[in-house]
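Report on the structure given below.
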Amino acid sequence: MFEDFKAEIARQISELSGVAVDAVEPAIGLPNDTVHGDLALTVPRLRMRGNPVQIAKTLAEQFKPACSITGAVATGPYVNFRIDRPTITGSVLRAVQAAGAKFGTTTEGAGKRLVVDFSSPNIAKPFHAGHLRSTIIGNFICNVHRAHGWDAVGINYLGDWGKQYGLLALGFERYGSEEALTENPIAHLFEIYVRMNAAAKEDETVNDDARAYFRRMEDGDGPALALWQRFRDLSIEKYKSIYARLGINFEVYSGESQVTEPMLRALQMLEDSGLVVVEQDGSRLVDLEAHRLGRALIRKRDGTTLYLTRDIGAAMDRYEKYSFDKSVYVVASAQDHHFKQLFKIVEALGLPFADRLLNISFGVVRGMSTRTGEVVFLEDILNEAKAKMHSVMRDNEAKYANVVDPERTADLLGMSAIYIQDMSARRIKDYDFDWDRMLNNQGDTGPYLQFTHTRLCSIERMAHVPVNPDADVSLLTEDSAYEIVTLISRYPDVLASAFKTLEPCNIVQYLFKLAHAVSFALEGLKVRGQPDDLAQARLLLFSSARVVLANALSLLGLEPIERM
């Protein structure tokens, strides 16, 4: 945004200061607020000799209005530039209408590939709060990279291997039901898993038998692998239906079981490199004490492998398949040490992608459960949020009658509530899962953002004039209108910041500011009943705000609602 204005400012400042235009341009950006101006020059970034405050004052006094830039004012070490309101308003609103869903996006990452490992639930265990956080944050990371031109590959790397599958196989022989397995494999396998863990506490030989069963699986035993494959396939089908409900699509369903060959190559590379230490009991580890990362076990004494071993193989496999420029793991902060060990081992092996691995961690959700239950299955959480929002929708019978698909709308509102509560603060922060606050239609919540979007959709539907990009924006004289224009103009920069930080809260906090500005403006800026020229100008403003709201909601992984 504002390229022409920035170019004129850079040209004049270069002439006045003697600093090259190419050095001036990066120092020009949006101010922290719009009280002093629409663009700001950060004088210290020019690296000129002298007092930055005095230099700013001199440059402001010598700057000459041009190209709709009406003047310059020094504020401390900054020079703030004011742009003619109708000019900047027209420029911003026409840009939104022309770009639509592409507004704010770039092609800077064209030709680059990102691989994101996210969600990654464990088969036969509940899809818990950590998996939910990983799912929505990982999806956001994919979306924000795509918005910058990257090719993003989302990988659901399932926990589908290990001793627990020995427990499941043995447990299915004892407690299994073909009917229950087919109807809800995840719930039934979890029930079996719980019962077998209880049995193992009473009888340690249960764990021994489970380890022996898993050893058979790693050795390629046909019947053992066939039963495991059934559990895996049925579970993935169930997961796919849940992800479809969330509007999330994975390019790849993988898992620990799928990386045996590259894992074995990784183990051999470690042996050949001399990094492996063999313990007296026959277990193998990599000594990372010199890096303050302890001793990393890579093979147990019975020869079976671990998460870390398989993650090394998976990293190699992904680079060979996708030649990624960046590979991101979205996991809870409790796993930070694991990934530090993984990255250090990859570096020690001299693998070419060692500097392309990134761990994006997040904090803990406290108290996430249904109102009545302890075990947290994602479907239960989604269903409860949906039921609550459906009840709220029914309170307004007139509006409810106009909703085309109330069930789906209630589901989207419930998901919006969950997503926005999760994404409102920095991802590393822990937070308390709060049903009442989350589902409130009035405060800074997901339903409030969706409500604002539906109000704007309603204005467009009911307007007596069409959206006209060439409307006379000089009629938008109110400060409340200009506040919306200013916020819209900042969206590309907010998107760029979110790309750098990979913090969804950047987008969420921006959405709240825009929604508040829209809500305030709607109280005084009517469209219906106004003269056509004024109605068109205001409709253009509100239509552009709707587009940006929808773009930002979609970036977070939410489907914007048109009626509720």
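The values are calculated or read from the model by the stated rules, or taken from the named source; none is laboratory data. Keep in mind it's a predicted model, so treat the numbers as computed, not measured. Cβ atoms come from the backbone with ideal geometry, glycine included; neighbour counts cover every protein chain shown. Remember, those area values only see protein heavy atoms, side chains included, never the ligands or the DNA or RNA. Shrake-Rupley method; radii C 1.70, N 1.55, O 1.52, S 1.80 Å.
Look through LEU267, LEU275 and report the one residue that is under 12 Å from THR305 (Cα atoms) and modelled with pLDDT under 95.
Criteria check complete, one pass: LEU267.
From (1) surrounded by fewer than 16 Cβ atoms within 10 Å (Cβ to Cβ); (2) in contact (Cβ under 8 Å) with a residue 40 or more places away in the chain; (3) over 34 Å from the mean Cα position of the chain (by Cα); (4) in a helix (DSSP H, G or I), pick out the condition that doesn't hold for LYS64.
The failed condition is (4).
How many residues are aromatic (Phe, Trp, Tyr) and open to solvent by less than 10 Å² (accessible area, probe 1.4 Å) when one looks only at segment 138-165?
2
Which of the residues that make up segment 516-550 are part of a helix (DSSP H, G or I) and basic (Lys, Arg)?
Passing the criteria: ARG538, ARG546.
Take PRO31 and tell me if it is open to solvent by 50 Å² or more (accessible area, probe 1.4 Å) and either part of a strand (DSSP E or B) or more than 23 Å from GLY18 (Cβ to Cβ) (or both).
no
Which one of GLU562, GLU503, GLU460, GLU523 is free of Cβ contacts under 8 Å to residues at least 40 places away in the same chain and in contact with a Ser or Thr (Cβ under 9 Å, 6 or more places away or on another chain)?
It is GLU523.
What tally of residues in segment 441-472 results from selecting those that are β-branched (Val, Ile, Thr), open to solvent by 20 Å² or more (accessible area, probe 1.4 Å) and part of a loop (DSSP other than H, G, I, E, B)?
Within segment 441-472, residues that are β-branched (Val, Ile, Thr), open to solvent by 20 Å² or more (accessible area, probe 1.4 Å) and part of a loop (DSSP other than H, G, I, E, B) number 1.
Before we move on, is GLY76 more than 36 Å from the chain's Cα centre (by Cα) and free of Cβ contacts under 8 Å to residues at least 12 places away in the same chain?
Taking the combined requirement at face value, the residue does not satisfy it.
When you check GLY50 against the structure, is it surrounded by 18 or more Cβ atoms within 10 Å (Cβ to Cβ) and either part of a strand (DSSP E or B) or not assigned by TED's automatic domain parsing to the domain that holds ASP479 (or both), yes or no?
No, not satisfied.
Name the single residue, out of those in segment 495-509 being of a type outside the set (A, V, I, L, M, F, W, C) and closer than 18 Å to PRO447 by Cβ, that is surrounded by the fewest Cβ atoms within 10 Å (Cβ to Cβ).
By that ranking, first place goes to GLN509.
Among the residues in segment 408-427, are any β-branched (Val, Ile, Thr), open to solvent by 20 Å² or more (accessible area, probe 1.4 Å) and under 25 Å from PHE362 (Cα atoms)?
no
Scan segment 181-190 residue by residue and report those that are closer than 15 Å to PHE127 by Cβ and part of a helix (DSSP H, G or I).
Of everything in segment 181-190, those that are closer than 15 Å to PHE127 by Cβ and part of a helix (DSSP H, G or I) turn out to be PRO185, ILE186, ALA187, HIS188, LEU189, PHE190.
If we keep just the residues of segment 38-61 that are more than 32 Å from the chain's Cα centre (by Cα) and of a type in the set (Gly, Ala, Ser), which is nearest to LYS6 (Cα to Cα)?
ALA60
Being farther than 30 Å from ILE360 by Cβ, in the same structural domain as LEU456 (by TED's automatic domain parsing), modelled with pLDDT of 95 or more and open to solvent by 10 Å² or more (accessible area, probe 1.4 Å) is the requirement here; does SER544 meet it?
Against the criterion (farther than 30 Å from ILE360 by Cβ, in the same structural domain as LEU456 (by TED's automatic domain parsing), modelled with pLDDT of 95 or more and open to solvent by 10 Å² or more (accessible area, probe 1.4 Å)), SER544 does not qualify.
Whether any residue in segment 160-174 is among the polar types (S, T, N, Q) and farther than 22 Å from ASP221 by Cα is what I want to check.
The answer is no; no qualifying residue exists.
Please determine whether any residue of segment 108-126 is open to solvent by 10 Å² or more (accessible area, probe 1.4 Å), within 13 Å of LEU495 (Cβ to Cβ) and touching a residue at least 40 places away in the same chain (Cβ under 8 Å).
yes
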